[in-house]
Amino acid sequence: GAVVSQHPSWVICKSGTSVKIECRSLDFQATTMFWYRQFPKQSLMLMATSNEGSKATYEQGVEKDKFLINHASLTLSTLTVTSAHPEDSSFYICSARSGGVEDTQYFGPGTRLTVL
Amino acid sequence: GESVGLHLPTLSVQEGDNSIINCAYSNSASDYFIWYKQESGKGPQFIIDIRSNMDKRQGQRVTVLLNKTVKHLSLQIAATQPGDSAVYFCAEVHAGNNRKLIWGLGTSLAVNP
């Protein structure tokens, strides 16, 4: 149980284009989903918290107009990197939490974004 | 120019030995702790968790110990196998920041055959 998928697993795009990454909880309903970014040899950096049906809450320093998050259902959240630039190249990981008293976050496999 | 990279602490063990990975957490109000395993190019994988009303919890080949007095968490892996090679992160949770995960720096475990 507690499986989270991400799509695509990797993407290469040209500078200036937008890229959408999907995060799905496959066997549970996720009231909250999180989006992280990870640089090599570092721990995960939280970008935003997404609750189903409401606007995402962004961490300090993360541009909400640059990283658009939509949590349209209890099993799907999307992250769109708009007008991507080479400095946006990174490993993006989502996680999902079922809510209530459940604290455990279950993570997707990650998406490697390379912006040329 | 020259770039400076971060170097994760590394623990190197022989296959079959027991491994102990340590973590110092930051907030005495944290009441939930999780260990994650992350293999190269993959997302973190849940290993084991513990709440602050316990000081020890065992899973399959893994044990987590919690010492609230010194804010220390450890992960013990019995009979370490090559497949255990990964980066291990501890994370803490408390009510003060909406129960988001606060990550430790990570430890790279290398298992020598």
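The numbers here are math on the coordinates, done by the rules we state, and not lab data. It should be emphasised that the depicted structure is a prediction, and the values quoted were computed from it without experimental measurement. In this analysis, Cβ positions are derived from the backbone assuming ideal geometry, glycine residues included, and neighbour counts consider all displayed protein chains.
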**Complete:** Checking rank on B:15-24, B:85-94, A:7-16, A:20-29, with mean other Cβ inside 10 Å and highest first, the result is B:85-94, A:20-29, B:15-24, A:7-16
**Request:** Within 10 Å of each Cβ in peptide A:84-95, how many partner chain Cβ atoms are there on average? Round it to a whole number, please.
**Result:** 1
**Complete:** One computes Rg over Rh for the protein assembly as shown from alpha-carbon atoms, with the Kirkwood Rh, and obtains 0.97
**Asked** Hey, can you rank B:71-84, B:25-38 by average C-beta count inside 10 Å, highest first?
**Response** B:25-38, B:71-84
**Asked** If you take the alpha carbon radius of gyration of region B:35-113 and divide it by 2.2 N^0.38 Å, what ratio comes out, to two decimals?
**Response** 1.14
**Message:** On a 26 Å Cα-Cα criterion, which of the cross-link pairs A:Lys55/B:Lys71; B:Lys71/B:Lys100; B:Lys56/B:Lys100; A:Lys14/A:Lys55; A:Lys14/A:Lys64 come out too long?
**Reply:** A:Lys55/B:Lys71; A:Lys14/A:Lys55
**Item:** Prolate/oblate/rounded call for chain A, Cα gyration tensor, a/c under 1.5 rounded
**Value:** prolate
**Residue order, fewest to most beta carbons within 10 Å, for A:Glu52, B:Glu39** = B:Glu39, A:Glu52
**Prompt:** What is the average number of partner chain Cβ atoms found within 10 Å of a Cβ in B:29-39?
**Reply:** 2
**Request:** Tell me, for chain A, which Cys residues have no other cysteine's C-beta sitting closer than 4.7 Å.
**Result:** A:Cys13
